[in-house]
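Down below is the structure, laid out as structure tokens.
Quick note: the coordinates plus some simple rules give every number you see, no bench work behind them. In this text, all values refer to a predicted model and were calculated from it rather than measured experimentally. All Cβ positions, even for glycine, are placed from backbone atoms using ideal geometry, and neighbour counts span all protein chains on display.
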Amino acid sequence: MILPVVKYGNPVLRQKGARIEKITPEITRLIDDMLETMYAAAGVGLAAQQVGKALQLTVIDIKDVRDRPSTLEIGGKPATIADHMPLVLINPEVKPAGKPAAGPEGCLSFPEIYADVERPESVDVTAMNENGETIELRCGGLLARAVQHETDHLHGILFIDRMSSETKKELKPQLDALQETVKAGLKKDAGA
């Protein structure tokens with residue numbers, strides 16, 4: 001089922017997600033719905049907060065992105081990215097493994113807003129997958145960026161928080177307009 005994507009201005013985007021201790025039928029259904037929602041929105045990642053659930057769960061799929069390369073290592077050996085997509089990360093822990101680099105980012109919760117954000121070029125990730133198994137991987141390029149972007153969501157951190165102050169200042173009119181529209185909609189829904 002395609003779920004509505006929460007936009008900037010909705011307080012759930014600032015909530016730290018609760019840890020998921022076991023894979024229940026509800027979590028499995030949420031994973032399936034999040035994947036369907038992400039694909040329908042033509043996104044490469046989606047965090048639970050973006051569908052209104054404050055949980056430590058994100059889905060990522062970058063296999064069809066050709067213009068921004070990625071790397072993946074599992075057990076210290078290079079892995080074929082397409083074989084491991086979509087990637088489901090539950091309770092992910094991310095550690096920097098490369099030097100910072102700026103790169104373009106967008107977010108389904110911020111339609112039509114894009115900017116360069118500086119993040120480590122590669123990261124080490126430990127998480128639980130959709131089967132409840134612990135997975136460990138090192139990723140680079142766009143995959144590393146997507147993992148960091150989505151993991152930030154799980155902690156209530158948004159990509160605008162990582163932008164330079166100049167960039168944020170340039171985007172302020174768009175950000176303010178989006179936030180006002182969303183808050184007005186929430187107020188209207190609460191009064192209905």
Please go through (1) assigned to a strand (DSSP E or B); (2) within 19 Å of Phe159 (Cα to Cα); (3) not small (Gly, Ala, Ser) for Thr126 and return the number of the only condition it doesn't satisfy. (2)
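Those residues that are farther than 16 Å from Glu105 by Cβ, surrounded by 11 or more Cβ atoms within 10 Å (Cβ to Cβ) and among the β-branched types (Val, Ile, Thr), I need them from the range 133-152; list them, please.
Going residue by residue through the range 133-152, those that are farther than 16 Å from Glu105 by Cβ are 133-138.
Now drop any that are not surrounded by 11 or more Cβ atoms within 10 Å (Cβ to Cβ), which leaves 135-138.
Passing the criteria: only Ile135.
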Taking the range 101-132 only, how many residues are loosely packed, with under 13 Cβ neighbours inside 10 Å and more than 21 Å from Asp161 (Cα to Cα)? 2
Restricting the range 73-90 to residues that are free of Cβ contacts under 8 Å to residues at least 24 places away in the same chain and part of a strand (DSSP E or B), the residue that is surrounded by the most Cβ atoms within 10 Å (Cβ to Cβ): Pro78
Checking Arg68 against (1) surrounded by 15 or more Cβ atoms within 10 Å (Cβ to Cβ); (2) touching a residue at least 24 places away in the same chain (Cβ under 8 Å); (3) of a type in the set (Lys, Arg), which test does it fail? (1)
Can you tell me which residues in the range 143-192 are aliphatic (A, V, I, L, M), part of a helix (DSSP H, G or I) and over 16 Å from Val6 (Cα atoms)? Leu143, Ala144, Ala146, Val147, Leu171
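Being under 19 Å from Val59 (Cα atoms) and of a type in the set (Lys, Arg) is the requirement here; does Arg162 meet it? Working first, answer last.
Details: under 19 Å from Val59 (Cα atoms): no; of a type in the set (Lys, Arg): yes.
Spelling it out, it is not the case that Arg162 is under 19 Å from Val59 (Cα atoms) and of a type in the set (Lys, Arg).
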Is there a residue in the range 143-151 that is among the β-branched types (Val, Ile, Thr), without any contact (Cβ under 8 Å) to a residue 60 or more places away in the chain and on the phi < 0 side of the Ramachandran plot? no
Taking the range 1-28 only, how many residues are in a loop (DSSP other than H, G, I, E, B), of a type in the set (Lys, Arg) and out of contact with any Ser or Thr (no Cβ under 7 Å at 6 or more places or on another chain)? 3
Only one of Leu57, Leu35, Leu46 that is more than 18 Å from Phe159 (Cα to Cα) and touching a strand residue (DSSP E or B) at 6+ places or on another chain (Cβ under 6 Å): Leu35
Restricting attention to the range 153-180, which residues are touching a residue at least 60 places away in the same chain (Cβ under 8 Å), among the charged types (D, E, K, R) and buried (at least 18 other Cβ atoms within 10 Å of the Cβ)? none
Of the conditions (1) surrounded by fewer than 18 Cβ atoms within 10 Å (Cβ to Cβ); (2) touching a residue at least 60 places away in the same chain (Cβ under 8 Å), Gly98 clears all except one; give me its number. (2)
